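Notes for the one structure printed next.
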Amino acid sequence: MEGSKFYRMRIYPSAMQKFESDSDSTVQTDLWAACVLSHSGLFLGYATMLSGSRHAGADLVQDALLAVIRSGATPESPKAYLLQTIRRRAAEVARRKHAEPTTRALPITGAECKPSARESDCGDELWAAVAELPSSQCEIITLHSRGELTFREIAALLELPLGTVTSRYSRGLDTLRQQLGAAAPKSASR
């Protein structure tokens, strides 16, 4: 997978060089490297969606990974924790540029993230329709469907109440059903 090679070459070695002197840090680095290698497409796709460009997205992922390694954090869900760090870094960059983070780029699709079993028969038309949803709904649907995060993890990541996350997801699905008919998912797994 191209994304895995990218992260193995760009992120993991640079992180290892900075932290290989401390054995505890090496263990932490290995934990985060395994997480990034397992979900590289998700992280790059999410960062690209937030930043609007693949290069800026790759920079966000690398910056977030180095930040979590330096922090020494060992969260319950490394995937959700790194996604939250990526989101915060994107907001910091946007504030520095006096702009809002964007989610108007096409949601995480194609080679960046393999579709789950329940959506394998859905094509690009569905994800193009998801990209047209309001950004709050687009982000939640993408994180749940492509990122395979639970609603609780998404609520923690976005710092929103659980009810807000589920209602935005539901409203987004309702809009997709109206636009696409039978191609949209029929139910939400919580």
Exercise. How much of H39 can a 1.4 Å solvent probe reach, expressed as accessible area in Å² and rounded to 10?
Worked result: 60 Å²
Exercise. Arranged from highest to lowest average of other beta-carbon atoms within 10 Å per residue, in what order do the peptides 136-146, 168-178, 75-85 appear?
Worked result: 136-146, 75-85, 168-178
Exercise. Using alpha carbons only, what's the Rg to Rh ratio of region 44-99 with Rh from Kirkwood?
Worked result: 0.98
Exercise. Assuming R0 = 30 Å, what is the FRET efficiency of A128 and S77, from their Cβ-Cβ distance, to the nearest 0.05?
Worked result: 0.50
Problem set entry | Projected label distance in nm at A34 and H55, using a 7 Å step from Cα toward the beta-carbon | 3.5 nm
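The values are calculated or read from the model by the stated rules, or taken from the named source; none is laboratory data. Keep in mind that what you see is a predicted model, and the values were worked out from it rather than measured. All Cβ positions, glycine included, derive from the backbone under ideal geometry; neighbour counts span all protein chains shown. The accessibility values were calculated without ligands, DNA or RNA, using every heavy atom of the protein model including side chains. Shrake-Rupley method; radii C 1.70, N 1.55, O 1.52, S 1.80 Å.
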